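FYI, it's all coordinate maths here, none of it is from the lab. For clarity, every value in this text was computed on a predicted model and none was experimentally measured. Note: ideal-geometry Cβ built from the backbone for every residue, glycine included; neighbour counts use all protein chains shown.
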Amino acid sequence: MSDEPKDVLMKDLFTKKYSYFFVNKHQKDPCLYLVNNLTGRACLFDLGEIHSLSGRNLLKVDTVFISHTHMDHFIGFDDLLRINIPSFKLKTLVGPKGIADQVYHRIASYSWNLLEKDQVQFLVKEITSNEVKTFLLSNTTGFIPQPVNASKDISSGLSYPVLSLDNQDEIYAVILDHGIDSIGYLYKTASKFKVDTSKLESLGASQGKWIGELISKVESAQFEDYINVELKDGTYSRMKVETLYHRILEVIPPRSFGYITDFYFSESNLKKLKSLFYGVDLLFSESTFMDEDYKKARLKKHLTTRQAALIGSALKVDKMNIFHFSRSYPDEKMVETEFNQFFDRFKTLDSSRLDHLIQEELQRIKE
Ligand SMILES: [Zn+2]
Ligand SMILES: [Zn+2]
């Protein structure tokens, strides 16, 4: 297989609004690129080596989610930093406890005497078991992490997002055990609204700019407002947002995907996964080792194909996309094939049969 960048092979995620791709082949460093096609803004999940990512795409990145800072997940940080200088725009970086200091040390290893005030700034969010702490790292204060307002309490079970984006998409997190903390992320799109065009008839209304105005008022909960509805005869009728909402709008429910990597198969990791990822539309999961290497997987605190398939089935995910394969295998196809065989079988099982297989696997790796 050629080593050409996969950069161009974007895939639709849910709707044409989002596209994603893995920057590298699955036996290389993890980095999942997600772009919102409407805003042109992108985020990364992990930041391994990214030399095959085009500068054009890298410049669109404004938010980065890091699972943990093993080198294969964080070595690309310098490339992100480098390409954004001199015209740096604030970047948000989310990761495990201690990452603000780690970012500081990475940046502090360079000399920065020629920058202007506040030219390079990172907002860093650290996820701990009971709160999200936010720090600002700015060249003006020598990049030393400065705590930003009150930290967010998430001790009541991660029911609050660790980050909300401008377009109301939300990101939730869970801390998995990889010997060190490894953060799993859930990305949830906001509910959206669209007009049921068949219902426009009953109002005698025609399509026009007013529909956009209506949707934006509904999305910002301004139900008491009135807007001018364009009628078929070219006149306007003034109607309440709440009435229009009930009569002609349809809700597009939120969609979600999970990104989980670098953790081992255990009862407690499974429990945490169930608390956040149950029923997600798509799950990106590591699947580092083949089934026969389950002992190695336990030692290195990673999953096997069988374990990834058991997890996806237990979480009742609609689709699974595996990545982060060991380089010890001659090609990535063999990992994918073995995974698919397991997943196709496990996802059809009833929950008691599946639980039995999970217990069997937990027992096997203990021995
Ligand atoms: Zn890794
Ligand atoms: Zn790791």
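Structure notes:
- Positive minus negative residues near Lys16 (Lys, Arg vs Asp, Glu; Cβ under 15 Å): +4
- Listed peptides 256-263, 181-188, 216-223, 32-39 by packing density, highest first (mean Cβ within 10 Å): 256-263, 181-188, 32-39, 216-223
- GluC sites (Glu not before Pro) restricted to region 78-138 and DSSP loop, no more than 12 other C-beta within 10 Å: Glu116
- Residue-averaged 222 nm ellipticity for the chain, from DSSP H runs of 4+ at -39500 (n - 2.57), nearest 500: -8000 deg cm²/dmol
- Label-to-label distance for Lys274 and Glu131 is 3.1 nm, based on points extended 7 Å past Cα in the beta-carbon direction.
- Relative contact order computed over region 192-252 (Cα-Cα under 8 Å; 6+ residues apart), in percent: 43
- Whether region 242-367 is rounded, prolate or oblate, judged on the alpha carbon gyration tensor where a/c under 1.5 counts as rounded: prolate
- A full extension of the chain between Asn167 and Leu203 corresponds to an added length of 10.0 nm, given 0.36 nm per residue minus the alpha carbon distance.
- Between Arg41 and Asn36, the built amide H atoms are under 5 Å apart, and every one of these is 5 or more places off in sequence or on another chain.
- Burial ranking of peptide ranges 236-246, 288-298 (average Cβ count within 10 Å, highest at the top): 288-298, 236-246
- Size check on the chain: the Cα extents along the three principal axes, sorted descending, read 75, 62, 46 Å.
- 19 Å Cα-Cα reach of Lys296 towards lysines, excluding residues that sit fewer than 8 places from it in its own chain: Lys28, Lys366
- Separation of region 273-342 and region 103-142, taken as the distance between their Cα centroids, equals 34 angstrom.
- Anisotropy class of region 192-252 from Cα gyration tensor, a/c 1.5 cut: oblate
- Each residue of region 64-81 was assigned a 3J(HN,Hα) from its phi angle through the Karplus curve 6.51 cos²θ - 1.76 cosθ + 1.60 (θ = phi - 60°); the sequence is 10, 10, 10, 6, 6, 10, 4, 3, 5, 10, 9, 5, x, 3, 4, 5, 5, 5 Hz, with glycine and proline shown as x.
- Residue exposure sequence - Val195, Val251 - by fewest surrounding Cβ within 10 Å: Val251, Val195
- The chain: antiparallel DSSP beta bridges as a percent of all, rounded to 5: 70
- Each Cα pair under 8 Å and six or more residues apart adds its separation to the average, and for the chain the resulting relative contact order is 10 percent.
- Förster radius 30 Å - calculated FRET efficiency between Ala221 and Asp350, Cβ distance, rounded to 0.05: 0.10
- Violating pairs (Cα-Cα greater than 20 angstrom) within the set Lys91/Lys117; Lys25/Lys97; Lys89/Lys125; Lys192/Lys347: Lys25/Lys97; Lys192/Lys347
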